[in-house]
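The values are calculated or read from the model by the stated rules, or taken from the named source; none is laboratory data. Because the structure is a prediction, the values reported are computed rather than measured. Neighbour counts run over all protein chains shown; Cβ positions are idealised from the backbone, glycine included.
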Amino acid sequence: MNKSIEKAGNLHKPVMPSEVLDLLASEKGGIFVDSTIGMGGHAKAILLSADNTEVIGIDQDAAALEIAKENLKEFNKRLTFIHSNFADIKQVVDKSGISGVDGIIADLGVSSYQLDSERRGFSFRFDAPLDMRMNPDGDIETAAEILERLSEEEIANIIFQYGEERFSRRIARRIVKRREMGDPVKTTFELAELVKRSVKRTKQDRIHPATRTFQALRIAINGELEILEEFIKDSIDLLKKDGRLVIISFHSLEDRIVKRTMQKLAGKCFCPPKFPKCVCGMSRDVKLLTKKPVVASENEQFENPRARSAKLRACQKLK
Ligand SMILES: C[S@@+](CC[C@H](N)C(=O)[O-])C[C@H]1O[C@@H](n2cnc3c(N)ncnc32)[C@H](O)[C@@H]1O
Ligand SMILES: [Zn+2]
């Protein structure tokens, strides 16, 4: 294993670090945006891969940025931290006065730090207010607030669409019933318990019954899927010619958007066959560097459970 990756691994285990560095071609140096800097694992690997790399690190979670700053303090001359949603990547990079970047990475979803934070409400392992906002400083609703506001049907749709949960209707019914009785679901333990009572478990189920519902609410309140396509397009605009975009996703809904958007930017038309002309917005701005998603090696999957569901896709700007 590359020495730089081994060192970076001591602070947080970034997913598929060698694959990320290869696909970003960071050893040539240049300016890279880590749009989900988290604990700084990937950023550190990029900074160690060549002395002439610079990283702009974005995260919407101010607490994560503080940790990344601490973890990466030895590199502070080559690093800029920005507290922002990566949906605003264009404005963020424009403001830095940079005209183009050599590579962009996004390692989507929540970090192990967020999942392990007892008070943030991401995990049913800890009893906490049902919050789940990745950016608690922003003005979005908490998970408890949307469960108080939305209709039963809207709640069921979120749990079904974003959690692919078969028992979404039953879960939504119980959530609303509690609310009607003046006792709305307010904590992680209350929701986990309610879900457990609502779903039928089979012997094949290896995950906790509340996993899908928690994932669904997190995706919904943080607007995780809505911003992805625009983010990918904006990232391609920001890249210099030959610059690379690498995205790691953790569930099929995310991966589907990443795959489709990259394919569209690589010239694949998604219009129905009978359409006289293309209206899907297809262009020929990139070439795909990964025809199929790259997955972590067996060894990495064994050592880092988070890597098991990871899918990596990358593309390179042509013009
Ligand atoms: C999986 S972690 C990244 C871990 C990082 N690659 C590392 O090696 O330490 C994802 C991070 O992205 C952040 N994040 C998720 N969605 C975001 C968004 N739309 N804008 C900015 N940051 C986001 C989360 O707050 C979290 O800290
Ligand atoms: Zn088309």
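With respect to the stated conditions, ARG119 is in contact with a strand residue (DSSP E or B) (Cβ under 8 Å, 6 or more places away or on another chain) and at pLDDT below 95. Would you be able to say whether some residue in segment 300-314 is in a loop (DSSP other than H, G, I, E, B), buried (at least 20 other Cβ atoms within 10 Å of the Cβ) and within 13 Å of ligand 1 (Cβ to nearest atom)? Within segment 300-314 (the criterion being in a loop (DSSP other than H, G, I, E, B), buried (at least 20 other Cβ atoms within 10 Å of the Cβ) and within 13 Å of ligand 1 (Cβ to nearest atom)), the answer is yes, since at least one residue qualifies.
Out of the residues in segment 45-68 that are among the small types (Gly, Ala, Ser) and more than 12 Å from ligand 1 (Cβ to nearest atom), which is surrounded by the fewest Cβ atoms within 10 Å (Cβ to Cβ)? My answer is ALA50.
Across segment 267-278, a minimum of one residue is classified as under 23 Å from GLN161 (Cβ atoms) and either more than 16 Å from ligand 2 (Cβ to nearest atom) or touching a Cys at 6+ places or on another chain (Cβ under 8 Å) (or both). Exactly one residue out of ARG120, ARG170, ARG212, ARG197 is within 16 Å of ligand 1 (Cβ to nearest atom) and in contact (Cβ under 8 Å) with a residue 12 or more places away in the chain, and it is ARG120. Just one residue in the set ARG244, ARG212, ARG284 is away from ligand 2 (no atom under 16 Å from the Cβ), assigned by TED's automatic domain parsing to the domain that holds SER26 and in contact with a Gly (Cβ under 8 Å, 6 or more places away or on another chain); that residue is ARG244.
Picking from residues in segment 82-105 that are more than 8 Å from ligand 1 (Cβ to nearest atom) and crowded, with 20+ Cβ neighbours inside 10 Å, the one that is nearest to GLY41 (Cα to Cα) is ILE104. Scanning segment 265-282 finds no residues that are farther than 24 Å from PRO136 by Cα, within 16 Å of ligand 1 (Cβ to nearest atom) and modelled with pLDDT of 95 or more. Exactly one residue among PHE189, PHE160, PHE124 is assigned to a loop (DSSP other than H, G, I, E, B), over 25 Å from ILE232 (Cβ atoms) and either assigned by TED's automatic domain parsing to the domain that holds ILE46 or hydrophobic (A, V, I, L, M, F, W, C) (or both), and that residue is PHE124. Restricting the first residue to segment 287-311 and requiring it to be in the same structural domain as ILE248 (by TED's automatic domain parsing), which pairs with a second residue that is within 13 Å of ligand 1 (Cβ to nearest atom) and among the polar types (S, T, N, Q) meet a Cβ separation below 8 Å and a spacing of at least six or different chains? From residues that are in the same structural domain as ILE248 (by TED's automatic domain parsing), the pairs are ALA296/ASN304; ARG306/SER112; ALA310/SER249; LYS311/SER249. Collect the residues in segment 194-252 that are charged (D, E, K, R) and assigned to a loop (DSSP other than H, G, I, E, B), keeping them in residue-number order. Selection gives LYS200, ARG201, LYS203, ASP205, ARG206, GLU224, GLU226. For segment 17-44, the tally of residues that are among the basic types (Lys, Arg) and either surrounded by fewer than 24 Cβ atoms within 10 Å (Cβ to Cβ) or at pLDDT below 95 (or both) stands at 1. Being among the acidic types (Asp, Glu), under 25 Å from VAL246 (Cβ atoms) and in a loop (DSSP other than H, G, I, E, B) is a property that ASP131 lacks.
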